[in-house]
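Since the structure comes first, as structure tokens, the remarks are kept for the end.
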Amino acid sequence: MSVPEGTLVDFTPTVTNNTTGGDTLRAPGDLTLTGLSDATVGNLDGLGTCMLPQTIPAGGSYSCTYPAPAVGGGGGVYIAMVTATGNIVGTTTTVTASGQVTVTVTAPVPTLRGWGLLALALALLALAATALRRRRQDRGGI
């Protein structure tokens, strides 16, 4: 993916519980997702559609989407590094995993807005008036 610098990009991390399950009474294969963070943005809880905690059954997954501005100095890259932390239900086991995606950041395309557009219009008007005045002078007018 390639985007202009500063563009908001929607990132969708997916956390998969790869455990196989176990005792059906305590379901130790279930995972309670307690933390989700982006190395640049920080805590993702409450950002976009990301809400914690989440219980992910064995073999299941949880996805959410959050916006982040792509920054990379124009022509650089933005790396979204997401880390998930959770606990296996019914145990004291804490698990952590990370993943990343790279976005190519291009230099922003310059645009004219507001005052810049007005200044350009006035400059073109002055140029046209000067050209008209010269044309009249060449014809022996004013």
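Taken together, the values in this text are just the output of simple stated rules run on the coordinates, not laboratory data. On a predicted model such as this, the values are computed, not experimentally measured, just so you know. Note that each Cβ is placed from the backbone with ideal geometry, even for glycine, and that neighbours are counted across all protein chains shown.
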If you add up the charges near PRO13, with Lys and Arg at +1 and Asp and Glu at -1, over every other residue whose beta carbon is less than 13 angstrom from its beta carbon, what do you get?
-3
Separation of the SER2 and LEU117 label points, Cα + 7 Å toward Cβ, nm:
2.8 nm
Cβ-Cβ cut-off under 13 Å around ALA129, Lys and Arg +1, Asp and Glu -1: the net charge is +4
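Taking 0.36 nm per residue of sequence separation and subtracting the Cα-Cα distance, how much length would be gained by fully extending the chain between LEU127 and VAL77, in nm to one decimal?
Details: separation 50, 0.36 × 50 = 18.00 nm, distance 4.19 nm.
This chain segment gains 13.8 nm when fully extended.
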Hey, how many Å between the Cα centroid of region 116-134 and the Cα centroid of region 48-91?
53 Å
Distribution output for region 2-110: share of Cα-Cα pairs per 5 Å bin in percent, first bin at 0, values 2, 13, 21, 19, 14, 11, 8, 6, 3, 2, 1, 0, 0
